[in-house]
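Here's the structure, in structure tokens; my notes come after.
The values are calculated or read from the model by the stated rules, or taken from the named source; none is laboratory data. Bear in mind that the values here come from a model prediction, so they are computed numbers and not experimental data. No Cβ is skipped: glycine too gets one built from the backbone with ideal geometry, and neighbour counts run over all protein chains shown.
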Amino acid sequence: MGGTATIQGDCAPRFGAVRDAFAANFAAGREVGASFAATLDGELVVDLWGGHADAARTRPWERDTIVNVFSTTKAMTALCAHMLVDRGRLDVDVPVACYWPEFARSGKEAITARQLLSHTAGLAAIREPLPIDALYDWERMVGVLAAETPWWEPGSTSGYHALTYGHLVGELIRRLSGATVGTFFRDQVSGPLGADFHIGLAASEDGRVAEMVPASKTEMAAGGALDPQSLRGKVLSNPPLRPQVANTRAWRAAEIPAANGHGNARSVARVMAALACGGSLDGVRLLGLPTITRAIEEQCYDKDLVLGFRLRWGLGFMVTSPSLPLGPNPRTFGHGGWGGSLGFADLDARVSWAYVMNKMSPGTAGDTRAAGLIAALYGSL
């Protein structure tokens, strides 16, 4: 059912078509609450929000509303890893076990950080049955992963490490920096940039977090059933992740660097703007351009064993491709999240953009809400 929603925020006159596309999603009944932001040469040129922060539509989506962006968080975790690469602390071609000795067992002795970052390490799923609470216990998760055996030959192809990615890459970050991913990101990325994005959210922020609204049973049925015996089923059901868990204090408080980042489109676009501008923004240097260039080199472009469609992976970043076009330019990269969120940087146009929402789409592909926004954005350049 369509509906009216007050669209708030700012939009440079030349980007009026983006506001229209954003409003159209609400008019078509496709949103509960959402925000969209874009930067050009590091300047915020689109900053829009609208709708409601709760399923009952009693709480308006405000300027400072934040929401769980699920796997869009992976772009932030990858950025932290590449900052260590840029500083000479992390060599992506050295075996992970050189940094994390306990990892050197069960056929993982030669696995590299390159393979962890590109989802080719074969560690997408966990054999030991785990409760959802295990995700909140860092030591338990990294211990289980250190003992795990690869599900396929490492480096041979990709299989999306939906949840394990964050603990695998995050433990490398912790071993090399002495800080958890959430602390590293806060102290060295979001704090210096003034970006309202959190990996591990304080209880004091709960009042401004939007409620995740799962897809309806009808939408889920249209998206197809999940076979629990398939690799994808094993990846997504152990620990047993359900959309509603994102509305709990335990989920928000934990550091799950693959999936529980909280922010809005403005904050995601600001972090990605630093990458779109070559690694620096407003005097804050995160990376050098050569490091970014290596980070977005193609590592694998094949039918992903978990997602079931062709995906072009860089080192921790999804890279635009004919099978998943994310704008007209070849050096466009970032990450998407379960339900529909997206955060990307375009080095060629020096543009970044982000879309976040609380009404989730049913699958990992096929959500077109952002497509009209992206088309309107590039059409306005």
Residue under evaluation Thr332, criteria (1) surrounded by 23 or more Cβ atoms within 10 Å (Cβ to Cβ); (2) free of Cβ contacts under 8 Å to residues at least 12 places away in the same chain, criterion not met: (2)
Test: Arg89 is among the basic types (Lys, Arg) and farther than 29 Å from Leu289 by Cβ: no
Residue in segment 26-41 that is polar (S, T, N, Q), surrounded by 15 or more Cβ atoms within 10 Å (Cβ to Cβ) and in contact with a Phe, Trp or Tyr (Cβ under 7 Å, 6 or more places away or on another chain) present: yes
Number of the condition not met by Phe317 [criteria: (1) surrounded by 23 or more Cβ atoms within 10 Å (Cβ to Cβ); (2) without any contact (Cβ under 8 Å) to a residue 12 or more places away in the chain; (3) not small (Gly, Ala, Ser)]: (2)
Pairs, first in contact (Cβ under 8 Å) with a residue 24 or more places away in the chain in segment 41-59, second of a type in the set (Asp, Glu) and part of a loop (DSSP other than H, G, I, E, B), C-beta under 6 Å, six or more apart: Gly51/Glu31; Asp54/Glu211; Ala55/Glu211
Extreme residue, farthest from Leu117 (Cα to Cα), among residues of segment 313-333 that are of a type outside the set (S, T, N, Q), in contact with a Leu (Cβ under 7 Å, 6 or more places away or on another chain) and outside any loop (DSSP other than H, G, I, E, B): Leu324
Segments classed as helices (runs of 4 or more DSSP H), wholly inside segment 246-310, with at least 3 members that are touching a residue at least 40 places away in the same chain (Cβ under 8 Å) and either out of contact with any Phe, Trp or Tyr (no Cβ under 9 Å at 6 or more places or on another chain) or more than 19 Å from Ile132 (Cβ to Cβ) (or both): 265-276, 289-295
Any hit, segment 347-358, residues being in a strand (DSSP E or B), buried (at least 22 other Cβ atoms within 10 Å of the Cβ) and more than 17 Å from the chain's Cα centre (by Cα): yes
Selection status of Ser204, among the hydroxyl-bearing types (Ser, Thr, Tyr) and either exposed (fewer than 12 other Cβ atoms within 10 Å of the Cβ) or within 27 Å of Thr58 (Cα to Cα) (or both): yes
Failed item in (1) within 17 Å of the chain's Cα centre (by Cα); (2) surrounded by fewer than 22 Cβ atoms within 10 Å (Cβ to Cβ); (3) not small (Gly, Ala, Ser), with Cys300 passing the rest: (1)
Per-region count, segment 315-327, residues in contact with a Phe, Trp or Tyr (Cβ under 6 Å, 6 or more places away or on another chain) and at pLDDT 95 or above: 2
One residue from Ser341, Ser361, Ser380 being touching a residue at least 24 places away in the same chain (Cβ under 8 Å), surrounded by 24 or more Cβ atoms within 10 Å (Cβ to Cβ) and polar (S, T, N, Q): Ser341
Residue in segment 50-70 that is of a type in the set (S, T, N, Q), surrounded by 24 or more Cβ atoms within 10 Å (Cβ to Cβ) and in contact with a His (Cβ under 8 Å, 6 or more places away or on another chain) present: yes
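Per-residue answers, yes or no, for (1) within 27 Å of Gly42 (Cβ to Cβ); (2) of a type in the set (Val, Ile, Thr):
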| position | (1), (2) |
| --- | --- |
| Val245 | no, yes |
| Asn260 | no, no |
| Ala269 | yes, no |
| Asp282 | yes, no |
| Pro290 | yes, no |
| Ile296 | yes, yes |
| Asp304 | no, no |
| Leu307 | no, no |
Those residues of segment 1-15 which are of a type outside the set (Val, Ile, Thr), surrounded by 13 or more Cβ atoms within 10 Å (Cβ to Cβ) and touching a residue at least 40 places away in the same chain (Cβ under 8 Å), in sequence order: Ala5, Gln8, Gly9, Phe15
Condition met for Gly122 (touching a Phe, Trp or Tyr at 6+ places or on another chain (Cβ under 9 Å) and on the phi > 0 side of the Ramachandran plot): yes
